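Just so it is clear, none of the values below were taken in a lab; they were calculated from the coordinates. From a predicted model like this one, the values you see are computed outputs, not experimental measurements. Reconstructed Cβ throughout: ideal geometry from the backbone, glycine too, with neighbour counts over all protein chains shown.
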Amino acid sequence: MLFLVEVSVHIIIKTTQTMFKSKFGEVNMANTRHRKTDDRTNNVERIRDIVKNTEEKIHEAEMSMEFVDPLQSKLLKEKNKRRKQSIEALNEEMKDEIAARKKGEV
C-alpha cells in the first residue's frame, strides 16, 4: 500500500511540474535579462531526451493504473494517449531537424 501511495504522489508531483512548465515555461531569474540566442545545434538530442522522458512517464502511468480507481485509470489512459500523440509529433520534428543538419541549415 505504501508503494502505491509513493507512486501516486510521484506521478502527481511530476504531472504538476510538467503542467506548470508547459503553461509558464522554465523560470530562471538569473537569465531574465540576458536572452539566449536561438541555438538549434542540440535540437535533435533535446527532442530525443524529451521523447525518452515522455516514454518513461507513459510506463510509470501504466504501472500505477492497476492501483488507482477507475476514474483515475481512465484519466491516465487519456493522458497517455496525448503523450503518444506528442511523441509522434516530436519524432516528426526530429526528422526535420536531422534533415536541416544534413542540408547545413543548423
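Sorting 59, 34 from the fewest to the most surrounding beta carbons within 10 angstrom yields 34, 59.
Which of the residue pairs 14/36; 81/103; 36/81; 79/102; 57/95 have a Cα-Cα distance greater than 31 Å in the structure shown? Long pairs (Cα-Cα over 31 Å): 81/103; 36/81; 79/102.
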